[in-house]
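Visitor: What follows is a single structure, and I will ask about it in a moment.
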Amino acid sequence: MAPSPDYAAEQLKSQGNTHFKDGDYDAAEALYSQAIQKNSKNPLLFTNRANARLKLEKWEEVIDDCIRSIELMKENMKAFFYLAQAQLSINHPNEALSSALMAYELCTNSAQQTSNAATISALVLKCKKAKWDIRERDRIRRRADLLADLEGKLEHECKRDVDDIEARIESGDVGRSEGQEEKSERKQDFENKRNDLRTAFALSDPQNLERREVPDFLVDGITFEIMHDPVVTKNGRSYERATLIEHLKRSATDPLTREPLTIAELRPNIALKEACTEFMEVNNGWVYDW
Amino acid sequence: MFASKRLGKELQKLHEKLPPGITLIQADDLKEWLMDIQVVDSNPIYQNEVYRLKFMFSPDYPIQAPEVVFVADETHPIPWHPHVYSNGIICLDLLDRQGWSPVHNVESVCVSLQSMLTSNTKKERPPGDENFVKHNKQRPRDINFVFHDNQV
């Protein structure tokens with residue numbers, strides 16, 4: 001009797017896993033593909049192939065695999081996690097961010113809030129930064145365009161006036177030395193105006209004026225970084241979820257009071273989370289590298 | 001994982017301001033730092049002496065405690081204390097696996113050690129110092145200290 005397709009697929013998958021562990025991603029991908037031919041209803045086959053394709057940088061195919069896997073299983077942390085990475089790589093930070101947030105939510109709701117939380121949290125941050133980078137690039141380009149336009153107009157006016165003076169000298173309306181003086185005054189005037197304009201632009205750029213500091217109440221006491229998913233402990237202190245979990249896995253105590261504390265006792269600090277999010281939106285950019 | 005970022009920020013703060021009697025000597029990398037401490041009040045055991053501390057960080061800092069020992073050279077002796085062995089190894093609960101908490105930092109460790117010295121009245125070594133110094137091959141963080149007393 002021929003082995004059942006499910007069994008055959010399972011065999012191929014575990015061979016694929018072996019190759020994946022050895023770093024032979026091409027072979028792993030091929031084996032997962034064969035497994036999918038035997039059984040196209042197993043979402044794990046698609047996430048495994050997506051992971052292999054992620055290593056091979058076949059972004060579009062990673063996205064296809066993740067979507068098919070999510071269609072088969074909605075609560076699919078791995079699929080959203082790989083999807084986010086691929087979307088980020090093809091420069092779609094908005095989509096990547098929503099996928100990464102989905103993965104994060106599934107991870108924190110799952111029974112084992114393992115070290116995945118920290119990895120996914122880092123990916124969420126990366127997506128936010130990529131999103132901001134694009135906005136910032138556009139902003140700088142727009143500003144530069146406007147400044148170039150205005151400078152061009154000033155220069156054009158100056159040139160017109162100078163030509164005008166030139167014509168009056170030629171026609172004998174003004175004396176040569178008098179005219180030359182007028183011309184250099186006009187040129188000086190143009191340079192002053194242009195410098196003032198540049199200063200005004202520099203001053204109006206919020207990036208130049210900001211005090212680049214994050215207030216202590218938004219900063220996680222363990223990593224010293226701005227929080228993105230703060231949780232509150234029994235004594236009212238808040239920490240970044242992923243890092244506090246790292247600590248609690250080692251020692252189930254409150255970091256400050258040393259009283260017993262378990263992961264299940266943590267509660268999200270929603271208001272603080274919103275304060276952190278708002279701070280990042282207002283100050284964006286430099287916060288990500290802070 | 002986050003050790004380098006966190007240490008970078010600690011270093012920035014240490015450059016800005018330090019409590020009296022604590023000095024940053026060397027922090028060339030994010031693995032090993034040297035700090036000097038002095039007892040600022042008039043405890044006769046520690047008059048006119050400066051002690052040098054060596055901090056060693058693992059990539060898991062601050063989830064994992066740093067290793068902290070006193071180091072001796074011509075100008076820096078090992079301070080007398082019933083919890084400090086003559087080879088510089090320190091027996092302090094907050095540096096111990098169980099006693100460490102990731103909210104501590106280099107500065108707070110220095111302050112704790114400083115106050116541990118300040119409040120001490122006994123010019124002694126821990127019991128069994130000679131034997132321990134001769135035979136110990138373990139790294140400080142792997143030693144299971146028995147805390148003889150908690151009064152000191």
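Visitor: So how many residues does the stretch B:118-140 have that are among the basic types (Lys, Arg) and more than 23 Å from residue B:42 (Cα to Cα)?
Guide: 3
Visitor: Looking for whichever is free of Cβ contacts under 8 Å to residues at least 40 places away in the same chain and either of a type in the set (A, V, I, L, M, F, W, C) or assigned by TED's automatic domain parsing to the domain that holds residue A:263 (or both) here; the options are A:167, A:130, A:117. Which one fits?
Guide: A:167
Visitor: What do you reckon, is residue B:102 part of a loop (DSSP other than H, G, I, E, B), modelled with pLDDT of 90 or more and away from chain A (no Cβ under 14 Å)?
Guide: no
Visitor: Moving on to the next point. Counting only residues that are in a loop (DSSP other than H, G, I, E, B) and over 28 Å from residue A:244 (Cα atoms), how many does the stretch B:105-130 have?
Guide: Adding up the residues that qualify gives 10.
Visitor: In a loop (DSSP other than H, G, I, E, B), away from chain A (no Cβ under 14 Å) and crowded, with 19+ Cβ neighbours inside 10 Å: is that true of residue B:39 in this structure?
Guide: Taking the combined requirement at face value, the residue satisfies it.
Visitor: Counting only residues that are within 14 Å of chain A (Cβ to nearest Cβ) and either free of Cβ contacts under 8 Å to residues at least 12 places away in the same chain or aromatic (Phe, Trp, Tyr) (or both), how many does the stretch B:9-24 have?
Guide: 3
Visitor: Okay, next question. Looking at residue B:68 and the list (1) outside any helix (DSSP H, G or I); (2) at pLDDT 90 or above; (3) more than 10 Å from the chain's Cα centre (by Cα), which single condition is not satisfied?
Guide: Against the list (1) outside any helix (DSSP H, G or I); (2) at pLDDT 90 or above; (3) more than 10 Å from the chain's Cα centre (by Cα), residue B:68 comes up short only on (3).
Visitor: Taking the options A:194, A:186, A:241, name whichever one is in contact (Cβ under 8 Å) with a residue 40 or more places away in the chain and over 30 Å from residue A:281 (Cα atoms).
Guide: Matching residue, one of A:194, A:186, A:241: A:194.
Visitor: Would you check which residues across the stretch B:32-60 are closer than 25 Å to residue A:121 by Cα and not polar (S, T, N, Q) and list them?
Guide: Across the stretch B:32-60, the qualifying residues are B:57, B:59, B:60.
Visitor: Determine the pairs where a residue that is more than 18 Å from residue A:218 (Cβ to Cβ), located within the stretch A:263-277, has a partner that is of a type in the set (A, V, I, L, M, F, W, C) and in a loop (DSSP other than H, G, I, E, B) with Cβ atoms under 9 Å apart, the partner being 6 or more residues away or on another chain.
Guide: Short answer, once both residue conditions are applied: A:263/A:252.
This table checks each residue for (1) within 10 Å of the chain's Cα centre (by Cα); (2) in contact (Cβ under 8 Å) with a residue 60 or more places away in the chain.
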position	(1), (2)
B:63	no, no
B:72	no, no
B:77	no, no
B:81	no, yes
B:89	yes, no
B:99	no, no
B:111	yes, yes
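Visitor: Something else now. Tell me, yes or no, whether the stretch A:90-97 has at least one residue that is closer than 26 Å to residue A:23 by Cβ and not assigned by TED's automatic domain parsing to the domain that holds residue A:225.
Guide: Checked the stretch A:90-97: at least one residue is closer than 26 Å to residue A:23 by Cβ and not assigned by TED's automatic domain parsing to the domain that holds residue A:225.
Visitor: Only one of A:205, A:220, A:189 is away from every other protein chain (no Cβ under 14 Å) and at pLDDT 90 or above; which?
Guide: After ruling out the rest, the residue left standing is A:189.
Visitor: What is the number of the single condition among (1) touching a residue at least 40 places away in the same chain (Cβ under 8 Å); (2) touching a Leu at 6+ places or on another chain (Cβ under 7 Å); (3) among the charged types (D, E, K, R) that residue B:52 does not meet?
Guide: (1)
The values are calculated or read from the model by the stated rules, or taken from the named source; none is laboratory data. Quick caveat, the model's predicted, so the values are computed rather than measured. Here Cβ is always computed from backbone atoms with ideal geometry, including for glycine, and neighbour counts include all displayed protein chains.
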